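Heads up: the structure comes next, in C-alpha cells.
The values are calculated or read from the model by the stated rules, or taken from the named source; none is laboratory data. Note that the coordinates shown come from a computational prediction; the quantities given were computed from them, not determined experimentally. With ideal geometry, Cβ positions are generated from the backbone for all residues, glycine too; neighbour counts draw on all protein chains shown. Ligands, DNA and RNA are excluded from the accessible area calculation, which covers all protein heavy atoms including side chains. Shrake-Rupley method; radii C 1.70, N 1.55, O 1.52, S 1.80 Å.
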Amino acid sequence: MAVSPLVAPTSDAFKPSRPISSPFKRQTSAVPSSNGNGTPRYPPAARSAPGDGAAMTLDPIEQLNEDEKRKYVKGKKLGEGTYANVYLGHVRHDPSTLVAIKKIKVQQQYQDGMAPDAVRELKYLRELQHPNIISLLSVFSSKDQNLNLVLEYLPLGDLEMLIRDVDRVRYGAGDIKAWMGMLTRAVWFCHDNFVLHRDIKPNNLLIAADGEVKLADFGLARSFADPGRRMTANVITRWYRPPELLFGARHYGGAVDIWSVGMVFAELIIRAPFLAGNTEVEQIALICKQIGTPTEDNWPGVTQLREYTVPSEVVPVWGKEAYMGRFGAVGADGVDLLVRTVALDPKKRITAREMLEHRWWRTDPKPTRKEDLPRKSGGEEKMGADLKRRNGILDDETNNRGAKVARKLDFGQAK
Amino acid sequence: MAAEDARYRQTSQYQMWSFSPTQLAAMRENTNAAARTRIAERLASLPAASNTTSAPTSSVNTPDPEGASISALPEFLSAPEEAQLMNFYTLELLRAGDHAEMPDEIKATAAAFFRRFYVTNSIMTYPPQEMLIVALFFACKAEGSFISITEFGKQFGKDNPEDILAGEFLLCQGLRFAIDVKHPFRALRGAVMELSTLPDIERNRLVAAEHRAREILRFSALMTDAYFHYTPSQIMLAALSLADRGVAERLITQTFHYVAPPFTSNNNSGSETPATSGPDAPSSNTKRNAAPRSSNNSGEDKSQIIGSHIRDKVLGTIEACRDLLSKELPERREHWTNKTVIKAQITPLRKKLTKCRDPDRWNLVELQRVRREQATKKGGGSDDGEPDDRTLESDAAVFGEALPVPPKRRKVGATDGGGGPGEGKGDPFGGPL
Ligand SMILES: Nc1ncnc2c1ncn2[C@@H]1O[C@H](COP(=O)(O)OP(=O)(O)OP(=O)(O)O)[C@@H](O)[C@H]1O
Ligand SMILES: [Mg+2]
C-alpha cells in the first residue's frame, strides 16, 4: 500500500472551522458517567475550581480523574527511583489507610510521550493480582499530565536491606524458605500469565507490614506470549542476569527470571551478591568460574548465540556437592533446588511451577510464618540509602534505565 | 474454559470494559447527549464574531423570545450516526495500521483502545481522525514496541510529534489507564493445534478454516462491539464457526467430552495455584479465598461445565457472537472504502461533524497547551507540593466507578461455570489466556 489511507481526500474540508477558544470558560451542565452497576447516568454539573477566576470545564474523563485523585492525600517523599518519585499517602476519608504514590517523572531524554517503564508498570500491575505482587490500587494524573500510580504501602523495606544488615538482622533457613516461597509464587504467577518480570533482585522485593514479600517494579516487564518475537537482551540488573542474556539471546522465556530467583536465593544464604561482576565480561567470567563454562556439551546451541565468548579455560559444571560448603545452610534439598535454578542451559533450568513442587518446601525446617520473619532494624532508613549507594550497581543501566535500556527495547518492532 | 474464565474475570477488559449490548447502547446515548449539551453551551458562549457561519443576522431588531443563540446551534450527530462514523474510523485505523505494516496484535489493540475511548467520549468532542493515530501509537507501546514518535509520525505524514503526543495522555485517561487488551488470536492458534491432533479433521480443511477465522478476527471482531460483549475464546469460536461450522462444532464436542481429573481437596487453589504444594505460608491462599467467586471454584462447577446444559449455553453465546461478527464480514472492507458508499453515507455525516464539534476540545495540541498552562498556574511551579486540595469540590459520590475495585458487571457470555482445574489439556478455550 503506497499511499497513507489517512490522507483522505475529504480531510481538507474538516479543518477546524473556527478558532479554538479556551476550554476554561464555562462549566458543563451534564457529565455522563456510570454508576456502580454500569448503568450510565447524569450527575449534576461539574463545579469549577474555586478561586480560580476562570472556571474550568471538565469533561467526563477529566472529572473521573479528579475524583480519583481526590481520594488520596499525598505526604512526604519516601524515595526516589530512576523514573519515579515515591511519596507516602493516605486515603482522604480514612487517614489510617496508607498508600505509596509513585509519581512518574517527566523524562527529559525520552521524547516519545509516556515513558516505557510507566507503560509497562501500568499495564502489568493492573492485570496481575496476587498476594506476592505489589497491588496497584489506583491511577490518576496530576497536573501537567504526570502519571501517578497508587500502590499499596510496603513499610518494611526490601530484602536487600535485610540481607545487607548483617550486624543487626539475623535469619535462618526457615526464614529463607519463607521468603523464597513468596518470591517463587510471585514469579510463578507472572509466568502463568505470560509475563516476564526481567528485573528480579532483592531490592525489588518489598516487604509489607505483615512480613509478606511483594514483587515490585514492573518497569521492565513484558509479555512473552508470542514466541516468535525478538526481545532485547539488555534487561535484568547484571548480577542477576542469566548467561543467555549475557550472550545476547533475543528469544528467551521465563528461565531468565528463574536465574535471577536463583541468584536471590544464593544471596539470601551467603548474605552477599553471589556473582557480582563489574562488567558484562566479568559477569560471564564469574559464571564460568562458579557455575561452569557453557559449552555445546552442557548447552547445545550456546556457541551460536551472538555474543558468546567465554574464558579459554573451560570449567566443568559444578555438581551439588560443590555448593554444600557455601550454601549448605539450606540443607541438601535446598541446594538441590538452588542448583536447578542456575542450570546454564535455559531449557534445562527448573520452571517456577517445578520449583513450587520441589521437596525442599516440605522438608524441615518449615518456612517461618510471615508474622515471625525477621524485620529491618530501626534507623534503617538512612542506612538503606547508604547501602544503596555503596551497592550502587550498574550506573549504565539502573541509573539510566529509562534512557538506555528502555529505548532499545524492541525498537522498531512495530514496523 | 473454566480456568480461562476465572482468569478472565481478573482482567481489566472484563472488569472495566465489558458491557451488555443494552448497557453499551445506553452509555453511548448518554455520551452523545452530554456532548450535545456541553458543545451547545460552549458554542453559545463563543464570541459572536466567530459564530457567524451559523448565527442569524436578521434578529438584530426583532427580539427573539427563544434567544438567538439557540437558533444558532448546529445540528448535532445522533448516537446512531456517531456509531456509523465510529465504524468508518475504525476501518481508517485498520487501514493505517496496514499501511504501517503493523502486526495484528497492535492493530487490534489500537482498535479496541479507539472504540473504548469513544464509549465515554463523543466524536464531536475529540477528533477521531487524530485519535485513531494516537491509538495506533499508544497501542505500539502497550504491546511493547517502543518506536520513536518521529519515525512513527513519518509513516502518516505527521511531521510534528506534538500532533500525536498531545492526545496520548488523553487517550490513556479515557481508557481509565487499563491498557491491556486480551485478544482471540492466541486462542485460535491453540484451537488449531488441538484440532490438528484429531484424526478425523482433514489437514487442508483445517488450514482453510484457520485462515478464514483469522481474517474474521482481524476485521469483524474489531469492526463490531465483539470485544465489549464476549471473551476472547468465545470470539475465537464464533469466528471459527463462521469459517467452518463443522470444525468449530468438532472442537466444542471435543471439549465437552473432556473428563475432569479427580479433584484434589484443599479448597479451590489446589489446581490453580501450585503454591499450595509449596511452602505452607499462610499467604498462599488469602487472596483467592477473599475473591468473591472462590467458593464456587470447585469440583461441582467442573462437573457442571462438562454438562450438556452448559454446553448449550456456550453454544447459544457463540451463536450470538457469530451473528454479531457476521454483520461485518471481511468482505465488508470493500463496502467501507467504496466511493459511492462513502459519498452517500459517510461524507454527509463528516460534514455535519465539522459544524458541531466541540470548540474547546477539538484541537488537541491547543487543548494540551492550555491544560499545561493551567497546571503551572495552579501548581505554582513545582508539581510535587500538595495543591491538589485546591481543585474541585468533591463530586466523588456521583462517580461510583474507580479503577481499584471496579463493579462486577454482568457476566460476559455464558461461561459462568468458573474456576476448575487449570490443567485442562483438552480445553480448546485455551487454558489461561
Ligand atoms: N510501595 C512502596 N511502599 C513503600 N516504599 C516504597 C514503595 N515503592 C517504592 N518505595 C520506596 O521508594 C523508593 C523508590 O522506588 P522505585 O521503585 O521508584 O525506585 P527503585 O526501585 O529504588 O529504583 P529503580 O527505579 O532504579 O529501580 C524505593 O527505594 C523505596 O524506598
Ligand atoms: Mg527498583
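The Cα atoms of segment B:82-152 cover 31, 18, 18 Å along the three principal axes, with the biggest extent listed first. Across all directions, the shadow cast by the convex hull of segment A:223-267 built on its C-alpha atoms averages 3.0 square nanometres. Any of A:74/A:214; A:71/A:105; A:289/A:370 with alpha carbons more than 30 Å apart? Name them for me. Too far apart for the 30 Å limit: A:289/A:370. Over segment B:85-226, the ratio between the Cα radius of gyration and 2.2 N^0.38 Å evaluates to 1.17. Between segment A:185-221 and segment A:279-348, the alpha-carbon centres lie 24 Å apart. Maximal additional length on extending the residue B:198-residue B:154 stretch stands at 11.1 nm, based on 0.36 nm per residue less the C-alpha distance. Note on surface exposure: A:68, A:313, A:152 rank A:313, A:152, A:68 by accessible area, highest first, 1.4 Å probe. Pairs with C-alpha atoms separated by more than 28 Å, drawn from the list B:141/B:355; A:123/B:339; B:107/B:343; A:177/A:201, are B:141/B:355; A:123/B:339. Once each part is reduced to its C-alpha centroid, what is the distance from segment B:148-181 to segment B:226-241 in angstrom? About 28 Å separates the Cα centre of segment B:148-181 from the one of segment B:226-241. Other residues with beta-carbon under 13 Å from the beta-carbon of residue A:267 carry, at +1 per Lys or Arg and -1 per Asp or Glu, a net charge of +2.
Projected over every direction and averaged, the convex hull enclosing the alpha-carbon atoms of segment A:205-324 yields 9.1 nm². Over all orientations, segment A:233-298 has a Cα convex hull whose mean projected area works out to 4.5 square nanometres. Using the Cβ-Cβ distance between residue B:101 and residue A:296 with R0 set to 45 Å, the FRET efficiency from 1/(1 + (r/R0)^6) comes to roughly 0.75.
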